[in-house]
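What follows is a short report on a single structure.
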Amino acid sequence: MGFLEERDLTDGRRLKFEIFRFNPEDSESAPHLDVFEIDEQPYMSLYIALNVIRETLDPSLMFDFACRSAICGSCGMLVNGRPALGCKTLTSALPETIRLHPLPVFKLVGDLSVDTGVWFREMVENTEAWIHAQQAFDPDGQEERMPDEVAQKIYESDRCIECGCCIAACGLANIEDGFLGAAGLNRICRFALDPRDSRDDSEWFEVVATERGVFGCIGLMACDDVCPKELPLLEHYAWLRRRALRAS
Ligand code: SF4
Ligand code: FES
């Protein structure tokens with residue numbers, strides 16, 4: 001259903017929000033749901049709805065947004081149990097009762113706000129997800145060209161906004177610390193594709209072909225269902241598996 005073809009927006013629904021509340025910094029705080037009701041507005045996103053709630057009903061409500069246009073990755077949350085971006089989700093696509101929880105797996109800051117940075121930093125450090133170049137940089141050297149199709153594939157992986165939705169949706173990432181999940185494997189793919197990275201198949205094998213990597217995945221593929229940027233995560237898994245087998 002297209003953005004402008006959503007359900008008739010003039011029927012004036014009263015929306016009921018059930019929102020997870022908990023402040024881990026406050027010893028008096030206990031996890032619970034708070035209920036808020038607001039009037040639905042045309043083209044209302046969860047970002048707008050949460051701001052209405054904070055501005056008119058409860059200024060202490062914690063949630064994260066920055067870009068409001070599905071680019072920064074900060075507004076991931078569980079919307080009726082499914083990971084999604086708050087800024088990209090229209091209330092018109094949801095039932096009248098909307099239950100919001102913070103993304104699991106990540107460090108809870110409070111209410112709907114999580115710190116995805118801790119998880120992503122650990123993943124980047126564990127996989128050394130940066131270019132490993134053997135050649136010293138020569139500022140006077142000729143620019144090296146890269147085939148267009150390789151650049152396009154790298155660009156495809158680089159579209160990840162690190163929102164964490166795939167990790168929150170992953171059954172294994174929810175119970176196994178250190179599992180790289182789709183975001184981690186996508187990041188590995190990005191560097192394994194890059195001809196400037198000098199790591200060979202056997203070095204990648206150490207990173208990818210473990211229970212934390214592609215062979216830990218139990219194949220539920222919820223990551224692929226929820227990725228708001230529609231990255232080709234299944235293709236990336238398959239490519240990394242083939243590469244790991246080639247090196248074994
Ligand atoms: Fe978000 Fe998709 Fe990147 Fe996962 S792969 S962090 S769901 S953009
Ligand atoms: Fe940036 Fe939603 S606010 S992705």
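Taken together, the values in this text are just the output of simple stated rules run on the coordinates, not laboratory data. Nothing here was measured: the structure is a model prediction, and the numbers come from that model. Note: ideal-geometry Cβ built from the backbone for every residue, glycine included; neighbour counts use all protein chains shown.
How many nm separate the modelled label positions at Ile175 and Val35, each set 7 Å beyond the Cα in the direction of the Cβ?
About 3.4 nm, to one decimal.
Rounded, prolate or oblate: which fits the chain when a ≥ b ≥ c are the square roots of the eigenvalues of the alpha-carbon gyration tensor, with rounded for a/c under 1.5 and prolate only if a/b beats b/c?
prolate
So for region 3-101, averaging the separation of alpha carbon pairs under 8 Å that are six or more residues apart and normalising by length, what relative contact order in percent results? Intermediate values should be presented prior to the final figure.
Details: 153 pairs, mean separation 31.6, N = 99.
Relative contact order, region 3-101: 32 percent.
How many angstrom lie between the C-alpha centres of region 57-74 and region 189-243?
So the separation of the two Cα centres works out to 30 Å.
Applying 1/(1 + (r/R0)^6) with R0 = 35 Å to the Cβ-Cβ distance of Ser69 and Leu245, what FRET efficiency is obtained, to the nearest 0.05?
Numbers: r = 40 Å, r/R0 = 1.14.
According to the calculation, E is roughly 0.30.
How much of the DSSP bridge set in the chain is antiparallel, in percent, rounded to the nearest 5? Before the final figure, lay out the partial values.
Details: 18 of 22 bridges.
Looking only at bridges with both residues in the chain, the antiparallel portion is about 80 percent.
Counting other C-beta atoms within 10 Å, and keeping those with at most 10, which DSSP coil GluC sites (Glu not before Pro) do you find in region 200-245?
Working: sites: Glu203, Glu206, Glu211, Glu230, Glu235; in loops: Glu211, Glu230.
Passing both the DSSP loop test and the Cβ count: Glu230.
Please check which bits of region 180-202 a label hung off Glu211 would reach, taking the label as a point 7 Å along Cα-to-C-beta and the cut-off as backbone N under 14 Å.
In region 180-202, the label zone of Glu211 (backbone N under 14 Å from the point 7 Å along Cα→Cβ) covers 180.
For n ≥ 4 DSSP H runs only, could you compute -39500 (n - 2.57) per run for the chain, divide by its residues and tell me the 222 nm figure to the nearest 500? Could you put the intermediate results ahead of the total?
Numbers: 9 runs with 84 residues, N = 248.
For the chain, the value works out to -9500 deg cm²/dmol.
Between Arg54 and Arg196, what FRET efficiency comes out of the Förster formula 1/(1 + (r/R0)^6) with R0 = 45 Å and r the beta carbon distance, rounded to 0.05?
Details: r = 45 Å, r/R0 = 1.01.
So, using R0 = 45 Å, E works out to roughly 0.50.
Using R₀ = 22 Å, calculate the FRET efficiency as 1/(1 + (r/R₀)^6) where r is the Cβ-Cβ separation of Ile218 and Arg82; round to 0.05.
On the way: r = 19 Å, r/R0 = 0.86.
Efficiency for this residue pair is about 0.70.
Run down the lysines and flag those whose C-alpha is under 29 Å from the C-alpha of Lys16, throwing out any fewer than 8 positions away in its chain.
Within the straight-line limit of under 29 Å, Lys16 reaches these lysines: Lys88, Lys107, Lys229.
So if I place +1 on the C-beta of Lys and Arg and -1 on the C-beta of Asp and Glu, and nothing else carries charge, what would the dipole magnitude of the chain be about its Cα centre? I want it in debye, nearest 20.
Numbers: 25 positive and 43 negative charges, 99 e Å.
It comes to approximately 480 debye.
For region 147-248, rounded, prolate or oblate, judged on the Cα gyration tensor with a ≥ b ≥ c (square roots of eigenvalues), a/c < 1.5 rounded, else prolate if a/b > b/c? Don't jump to the answer; show the numbers that get you there.
On the way: a/c = 2.04, a/b = 1.20, b/c = 1.70.
Cα axes put region 147-248 in the oblate bin.
Take every Cα pair under 8 Å in the chain that's 6+ residues apart, average their separations, divide by the length, and report that relative contact order as a whole percent.
Values: 394 pairs, mean separation 41.6, N = 248.
It comes to 17 percent, rounded to a whole number.
About the Cα centre of region 14-63, what is the dipole size in debye to 20, counting +1 per Lys and Arg Cβ and -1 per Asp and Glu Cβ, all else neutral? Present the calculation step by step, with values, prior to reporting the outcome.
Numbers: 4 positive and 10 negative charges, 35 e Å.
Magnitude of the dipole: close to 160 debye.
Could the peptides 171-184, 16-29 be put in order, highest first, of the mean number of other beta-carbon atoms found within 10 Å of their residues? Could you put the intermediate results ahead of the total?
Working: 171-184: 19.3, 16-29: 13.9.
The most tightly packed comes first, giving 171-184, 16-29.
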